[in-house]
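Asker: Can you keep this structure in mind? I'll have questions shortly.
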Amino acid sequence: MSIFKRKKPEYTDISQIQLPEHIGIIMDGNGRWAKKRGLPRSAGHTAGAQTFRKIARYCSNIGIKVLTVYAFSTENWRRPEDEINALMKLFKDYLEESIRDFKDDSIVLKFIGDRSVFSDDLLELMTENEEESKNRDGMVLNIAMNYGGRAELVTAMRGIAGDVRDGKLSAEAIDEQLISDYLYTKGQPDPDLIIRPSGEYRTSNFLLWQSAYSEYVIMDVLWPDFKEEHLNKALIEYANRNRRFGGV
Ligand code: IPE
Ligand code: IPE
Ligand code: MG
């Protein structure tokens, strides 16, 4: 029990709670999971990719509107080449599987991040997945690939500056809403809840602008070991928080 007085009843079950509209997940801990088992880091990523499939499905089934998963950051290019290749292969496998096997799915797939660096075959699969799924009516699944919150803001600022220069926009029209509209997540609600497994207390450049008032839940579990029960636990923790948005 918390020593702080709670204004709300303490929730214990997800059937009692109001779900967040948008959940972000920093899928972290694959490398440590593999190391613990004496396996190469790539084995951790393979296991993590399975967890991603399971948790995305679960979020869609319980009625989450938007799920954003952090799959590869703008800083992850600093890793050894063989690890990067293994990750790119896993993305490709997933995108091919999704085109082939998820025809009747309700999930809308989107990719956020700078995609200009990806190989042609990966790029084609990304576009194909977005096109195939865009008219569906289920959960929006944003996969953050080569995503960085700072890079996203740089792109947005360049876009805004270009539009001001071309006379499409006046400098006075720049406000918070307009900046949001130049981000990859344009039109989507901000994340209510961001979950970071693996116990690290940092954002690692994830959704910097959008997470101004997100509730962070840090969990001491490595991503490949993350189960539906962990998501439920995070949802309950979220529901028991008092979101004040600067008010009282
Ligand atoms: C997250 O797991 C996956 C990516 C960043 C691509 P890590 O690979 O960062 O795993 P740890 O943090 O080293 O355990
Ligand atoms: C964040 O994890 C990026 C992803 C999960 C894709 P990292 O493992 O890259 O973050 P740091 O290096 O621990 O901050
Ligand atoms: Mg990590």
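The values are calculated or read from the model by the stated rules, or taken from the named source; none is laboratory data. Treat the numbers as computed from the prediction; the structure is a model and nothing was measured. In this analysis, Cβ positions are derived from the backbone assuming ideal geometry, glycine residues included, and neighbour counts consider all displayed protein chains.
Asker: T51 - would you say it is modelled with pLDDT of 95 or more and either more than 21 Å from I194 (Cβ to Cβ) or within 13 Å of ligand 2 (Cβ to nearest atom) (or both)? Steps first, answer last, please.
Answerer: Values: modelled with pLDDT of 95 or more: yes; either more than 21 Å from I194 (Cβ to Cβ) or within 13 Å of ligand 2 (Cβ to nearest atom) (or both): yes.
Criteria met by T51.
Asker: Out of H45, H22, I need the residue that is within 16 Å of ligand 2 (Cβ to nearest atom) and either crowded, with 19+ Cβ neighbours inside 10 Å or not aromatic (F, W, Y) (or both). Which one? It would help to see each step written out before you state the result.
Answerer: Values: H22 fails: within 16 Å of ligand 2 (Cβ to nearest atom).
Residue meeting the stated conditions: H45.
Asker: Residues of region 168-199 being within 14 Å of the chain's Cα centre (by Cα) and not in a loop (DSSP other than H, G, I, E, B), which ones?
Answerer: Listed by number, the residues that qualify are L193, I194, I195, R196, P197.
Asker: Another question, if that's okay. What pairs come up if the first residue lies in region 141-160 and is under 17 Å from L178 (Cα atoms), the second is part of a helix (DSSP H, G or I), and their beta carbons are under 7 Å apart, counting only those six or more places apart or on different chains?
Answerer: A156/I179
Asker: Now for a separate question. Hey, any hits in region 207-221 for a residue that's assigned to a loop (DSSP other than H, G, I, E, B) and within 11 Å of ligand 1 (Cβ to nearest atom)? I'd like the intermediate steps shown before the answer.
Answerer: We begin by selecting, within region 207-221, every residue assigned to a loop (DSSP other than H, G, I, E, B); these are 207-214, 220-221.
Filter once more, so that each one left must be within 11 Å of ligand 1 (Cβ to nearest atom): none.
No, region 207-221 contains no residue that is assigned to a loop (DSSP other than H, G, I, E, B) and within 11 Å of ligand 1 (Cβ to nearest atom).
Asker: Could you tell me whether region 132-147 includes any residue that is within 18 Å of the chain's Cα centre (by Cα), on the phi > 0 side of the Ramachandran plot, within 16 Å of ligand 2 (Cβ to nearest atom) and of a type in the set (S, T, N, Q)?
Answerer: Yes, there is a match, as at least one residue in region 132-147 is within 18 Å of the chain's Cα centre (by Cα), on the phi > 0 side of the Ramachandran plot, within 16 Å of ligand 2 (Cβ to nearest atom) and of a type in the set (S, T, N, Q).
Asker: Please tell me if P80 is exposed (fewer than 11 other Cβ atoms within 10 Å of the Cβ), at pLDDT 95 or above, more than 21 Å from F111 (Cα to Cα) and more than 13 Å from ligand 2 (Cβ to nearest atom). Walk me through how you get there before you give the answer.
Answerer: Values: exposed (fewer than 11 other Cβ atoms within 10 Å of the Cβ): yes; at pLDDT 95 or above: yes; more than 21 Å from F111 (Cα to Cα): yes; more than 13 Å from ligand 2 (Cβ to nearest atom): yes.
When the stated conditions are applied, P80 passes them.
Asker: Here's another thing I want to ask about it. For residues that are in a helix (DSSP H, G or I) and either within 11 Å of ligand 1 (Cβ to nearest atom) or buried (at least 19 other Cβ atoms within 10 Å of the Cβ) (or both), tally how many sit in region 222-238. Steps first, please.
Answerer: Kept after step one, since they are in a helix (DSSP H, G or I), are these residues of region 222-238: 223-225, 228-238.
Pick out the ones that are also either within 11 Å of ligand 1 (Cβ to nearest atom) or buried (at least 19 other Cβ atoms within 10 Å of the Cβ) (or both) and you get 223-224, 230-231, 234-235, 238.
Qualifying residue count for the region: 7.
Asker: Between G187, G167, which is closer than 17 Å to I112 by Cβ and away from ligand 2 (no atom under 16 Å from the Cβ)? Show your work before the answer.
Answerer: Working: G167 fails: closer than 17 Å to I112 by Cβ.
G187 is the lone residue from the list that is closer than 17 Å to I112 by Cβ and away from ligand 2 (no atom under 16 Å from the Cβ).
Asker: Only one of these conditions is not met by K35: (1) within 16 Å of ligand 3 (Cβ to nearest atom); (2) more than 20 Å from D220 (Cα to Cα); (3) free of Cβ contacts under 8 Å to residues at least 12 places away in the same chain. Which number is it?
Answerer: (2)
Asker: Taking the condition under 25 Å from I143 (Cα atoms) and either modelled with pLDDT under 95 or near ligand 1 (Cβ under 10 Å from one of its atoms) (or both), does R6 pass? Can you show your working first?
Answerer: Details: under 25 Å from I143 (Cα atoms): no; either modelled with pLDDT under 95 or near ligand 1 (Cβ under 10 Å from one of its atoms) (or both): yes.
No.
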